[in-house]
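*Asks:* I have a structure I would like to understand better, so I am pasting it below and will then ask my questions one at a time.
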Amino acid sequence: MSSPPPHGRPVRILLVEDHDMVAEAICLALERSPDLQVVGRAASVASALADARRCAPDVVLMDRRLPDGDGIAAITDLLALVPDARVLVLAGEGTASVAARVAQTGGVGLILKERGLSELEDAVRRVASGEAVFSQELLGDVLGRLTGRVPGLGANLTPREREVLHLLGEGRTTAEISDQLGVAVNTGRNHVQRVLEKLGARSQLEAVAIARREGLLK
C-alpha cells in the first residue's frame, strides 16, 4: 500500500504522453501549482519504465494508448519498479471495463482527456493523498466487476471467439480467419457472427471498435 508524499514537498509526477502538444499543455498546467512538480516526461511504455526508476515519482500520469503498447497493461511492470507510485490513467473514453482493468492492474484512477486541466490537477492531488479517482457513474460498475458481481461485456466469449476477435482486430477477412483457424469458411463465418452477437455489434468494424472501447483489444 503506497503512502502519500511527505507533507511540505511537492507531489512528484511522471507524465507519460506521446503527443507533444498535449504533454506540454499538461506540464504547464501542473507546474503552475507549487505543490505539483513534473519530474519526468516519457512518450512510450519503454521510456516510462526507464524513467520511473530514475525519477521515483509519487504519481504516474499514464496515457492509455502509447506507440509501443497499452498503458494499462504496463501498470503492473511499473509498480514492480516503483511500488509506492500511484498510477492515474488518461483515456480518450472511459467505460466500466476499462476502469476495472485499471483497478485490477494496480492503478488508482481514470480521468478522461476531455476533462479540464483544473480537474486533472485535482485528480493528481487526490490520488497522491491516497484516494482512488473514478467517476461516480463508473465506480459502482468497477466495484461490481472487481468482486465478480457484474460480468464485463465480452466476458462470455469462448477462447475460440476471443481468437476470432483478435484476428478481426488485425483486419483479417472471414476467409482469412477461417484459413488461420483451419476451418471451413461457413464455420468461420459462424464464429464471427457469434462474436458480433455477444458484443452487440452490427458489423465486424463495430465489433472491433466495441472491443477496443471495452479493453478486449489493445
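The values are calculated or read from the model by the stated rules, or taken from the named source; none is laboratory data. Everything numeric in this text was worked out from a predicted model, so none of it was measured. Every residue, glycine among them, receives a Cβ derived from its backbone with ideal geometry; neighbour counts consider all protein chains shown. Areas reflect the complete protein model, heavy atoms only, side chains present, ligands, DNA and RNA absent. Shrake-Rupley method; radii C 1.70, N 1.55, O 1.52, S 1.80 Å.
*Asks:* Condition first: part of a loop (DSSP other than H, G, I, E, B) and touching a residue at least 60 places away in the same chain (Cβ under 8 Å). Now tell me which residues in region 42-70 satisfy that.
*Replies:* Once the filter is applied, which keeps residues that are part of a loop (DSSP other than H, G, I, E, B) and touching a residue at least 60 places away in the same chain (Cβ under 8 Å), region 42-70 yields only D58.
*Asks:* For L79, state whether it is part of a strand (DSSP E or B) and either at pLDDT 90 or above or within 21 Å of C27 (Cβ to Cβ) (or both).
*Replies:* no
*Asks:* Out of R41, R32, I need the residue that is closer than 19 Å to L117 by Cβ, open to solvent by 80 Å² or more (accessible area, probe 1.4 Å), modelled with pLDDT of 95 or more and charged (D, E, K, R). Which one?
*Replies:* Answer to the selection: R41.
*Asks:* Of all residues in region 92-140, count the ones that are among the hydrophobic types (A, V, I, L, M, F, W, C) and part of a helix (DSSP H, G or I).
*Replies:* Final tally of qualifying residues: 14.
*Asks:* Across region 53-64, which residue is farthest from L14 (Cα to Cα) among those that are surrounded by 15 or more Cβ atoms within 10 Å (Cβ to Cβ) and either at pLDDT 95 or above or not hydrophobic (A, V, I, L, M, F, W, C) (or both)?
*Replies:* R64
*Asks:* How many of the residues in region 11-41 are part of a loop (DSSP other than H, G, I, E, B), over 17 Å from P67 (Cα atoms) and among the charged types (D, E, K, R)?
*Replies:* Adding up the residues that qualify gives 2.
*Asks:* Within region 169-207, which residues are open to solvent by 40 Å² or more (accessible area, probe 1.4 Å), under 19 Å from L217 (Cα atoms) and not acidic (D, E)?
*Replies:* If the condition is that a residue be open to solvent by 40 Å² or more (accessible area, probe 1.4 Å), under 19 Å from L217 (Cα atoms) and not acidic (D, E), then G171, R172, T173, Q180, Q193, R194, K198, G200, R202, S203, Q204, L205 are the ones that fit.
*Asks:* Right, something else. Only residues that are in contact with a strand residue (DSSP E or B) (Cβ under 8 Å, 6 or more places away or on another chain), touching a residue at least 60 places away in the same chain (Cβ under 8 Å) and not hydrophobic (A, V, I, L, M, F, W, C): list them for region 112-129, please.
*Replies:* Hits for region 112-129 are K113, E121, R125.
*Asks:* I've got another one for you. Restricting attention to region 172-218, which residues are touching a residue at least 40 places away in the same chain (Cβ under 8 Å) and either in contact with a His (Cβ under 7 Å, 6 or more places away or on another chain) or part of a loop (DSSP other than H, G, I, E, B) (or both)?
*Replies:* G200, E214, G215, L216, L217, K218
*Asks:* Hey, can you tell me all the residues within region 87-101 that are modelled with pLDDT of 95 or more and either more than 10 Å from the chain's Cα centre (by Cα) or open to solvent by 10 Å² or more (accessible area, probe 1.4 Å) (or both)?
*Replies:* The one that is modelled with pLDDT of 95 or more and either more than 10 Å from the chain's Cα centre (by Cα) or open to solvent by 10 Å² or more (accessible area, probe 1.4 Å) (or both): V87.
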